[in-house]
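In what follows, a structure is listed as structure tokens, so that the remarks can point back to it.
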Amino acid sequence: MEFRAEMRYLRVSPQKARLVLDLIKGQRVEAARNTLAFTKKRVAAQVGKLLQSALDNANFLSTEKGLDVELDNLYVKRAIANDGPRMKRIRPAPQGRAYRYQRRISHIELVLAERGTDGATTVVAGAEAAPAPAKAKRRMPLAKNAAGKKKKAAAR
């Protein structure tokens, strides 16, 4: 089961938001909250609120809807920062000119999922793991093979 929360039109560039989101991807919720609390980025407080919102969504579904959700086994499955609309602004420049620049806005999406007690993600029935790729055989370079054949032919 997945629980998601989304924050739209956040006044921070997606590149800066991704720096913080990459810190918490794959972490358990408690570890992610601690990481965000001690991160010195301005967007970390907003991401912390978003994480709390996703956790509240999971708590709501577990109590009100009757789903069996273990809140201690939740982890951050996906954290994405997408580009939002850009605000075009003008900065005064020398000799009466103007420079244009853009204020970037981001949409952040956070998805929590429940991890099994053994540490692995719960597997849906019927889903199988993909087979491991076969190892490629190593071959000798052609130059060495050709040189060896010439020596054998000259010896005869």
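Things worth noting here:
- Unit Cα scatterers, Debye sum, the range 2-120: log10 I(q)/I(0) for q = 0.12, 0.22 Å⁻¹: -0.50, -1.16
- Fewest-first ordering of PHE60, PHE38, PHE3 by other beta carbons within 10 Å of each residue's beta carbon gives PHE38, PHE60, PHE3.
- For LEU61, net neighbour charge (Lys/Arg +1, Asp/Glu -1) across residues whose Cβ lies under 14 Å away: -4
A short reminder: the numbers here are calculations on the coordinates, not readings from a lab. Since this is a predicted model, take the numbers as computed values, not measurements. Note: ideal-geometry Cβ built from the backbone for every residue, glycine included; neighbour counts use all protein chains shown.
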